[in-house]
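S.K.: Right, I'll just put the structure down here and ask away after.
No lab work stands behind these numbers, since they all come straight from the coordinates. Values in this document were obtained by computation on a predicted structure and should not be read as measured data. Reconstructed Cβ throughout: ideal geometry from the backbone, glycine too, with neighbour counts over all protein chains shown.
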Amino acid sequence: MRLKTVVSRPVVAVTVYLWILVGCAPPFKTGTTPAFDAAGIRHLHGLLGRDTIVDGDTVPNWNPVLEKYFGSMFDSSLSDFVVFIRKDSTTRQGLILDGKLQHELPGKRHLWLLVFSESPFHRPPRVTTDSTMRVTIESRKDTTGGQSDTALIKADTAHTITTTTTTTEAGGAGIEVTLTSLEYKKDRVLVSLVKSLIGGRTPSDPAATRDTTVGLHLRLLGKTTDTTGDTLALYVAMHRFSLSENTRNRISFRRVAPSVEFFGDSARGIHYSFGNHSGSPFGVSLGAAVTTWAATREYKDTALVSRGADLRQALYLFGQFYPFHGLQPRLPWRSFPSLGLALGTNILPGGLLDDLVLGISFGRWKDLGLVVGLNCVKSQRLDGSVPKSTRDCGFLLGGDFAL
């Protein structure tokens, strides 16, 4: 029995360790994307044109496209920008994260670009031929009269020599994609301090967010025929862009050479703007609030005789904790819904810690928010003629400004 116990402990320890390791490890996926036969190409092409309804609007449904293309490799936590270009120059595009269309990313480090097209948009090689012509004339002299010094020209013989030079310019990508950082905002002081303590990235200069331009080489994914017998081909290209936090960005497409038909008119293109804002679980704000407050309580023996009711107005310093990542406040390019716990104390009037606030922080419209909660204010209780310190709690309502 003792031997059993001694042997089972290491087994249990190893089992628990492996369970924790496997259960808590991030789901890294390795492998290759699936191959596409004729039926797969037709199915994927149909998915590329499928729509869905979101908040009453008809928008492209990209989630089935990503699931079909990546197969078991699909990871919804990655941010994907998907584009589909038809032969008639019409385009569909969208930014996808967690299976939903997005215009704002929550502080992502990378953006994956995935382009599908019915045309290869490859810039073909260009051959240039230059011809050079040279003419030489030979003169024949008449020496029959013996006057060699003053010979007369009797006939001219012309020779034409033509030299041809051929220059071949290699082909290349017909589409250029540029990621441009339009605006950069620094973190607030507290957020920067917390990030530096936990080893987060804290870019301090807008120059750190440079423009990036790449050329796309679309490869043939597959070719088949559609229901009418016409040729149906799909080309695909993928690229990964690095992103900086707290930036507004624009991704733009343009054709490289005028010989490549792209988006119909040469002045048109694809432009898509999005934000990449990092949230923080912690915050500090300065606020003003009103509390329903009883300044004094008077007792006779043990019975409450009178209670002085009042509305207390004061300035407060709040500290917030936002436990839900999707409800953390972000930098103020636009309003974001946020929800967190708030702890606070008064600054004026009275002494520090005269008021102790426990509440809920709502927001934010730009840097403004709302605080609702319970405020326990230091007060006095008159037990006969002897004052005793106590705290009286009342309802607090106020607004705050993020620091």
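S.K.: Which order do the peptides 52-59, 242-249 come out in when sorted by mean C-beta neighbours inside 10 angstrom, highest first?
M.R.: Top to bottom by mean Cβ count within 10 Å: 242-249, 52-59.
S.K.: Residue-wise, which Karplus ³J(HN,Hα) couplings in Hz belong to the stretch 81-89, taking 6.51 cos²θ - 1.76 cosθ + 1.60, θ = phi - 60°, and x for glycine or proline?
M.R.: Using θ = phi - 60°, the values come out as 10, 10, 10, 10, 10, 8, 5, 7, 6 Hz.
S.K.: Extension gain residue 341-residue 87, at 0.36 nm per residue separation less the Cα-Cα distance, in nm?
M.R.: Full extension of this stretch gives 86.1 nm more.
S.K.: As a footprinting exposure proxy, order 378, 388 by other Cβ within 10 Å, with the fewest listed first.
M.R.: 388, 378
S.K.: Provide the packing ranking of 358-365, 211-218, i.e. peptides ordered by the mean count of other C-beta atoms within 10 Å per residue, highest first.
M.R.: 358-365, 211-218
S.K.: For the pairs 68/366; 100/366; 108/366, flag any whose C-alpha to C-alpha distance is greater than 30 Å.
M.R.: Table pairs above 30 Å Cα-Cα are 68/366.
S.K.: Spelling out what I want: for every residue of the stretch 276-284, take phi, set θ = phi - 60°, compute 6.51 cos²θ - 1.76 cosθ + 1.60 (Karplus), and round to whole Hz; glycine and proline get x.
M.R.: Going residue by residue, I get 9, 10, 8, x, 9, x, 10, x, 9 Hz, with x marking Gly and Pro.
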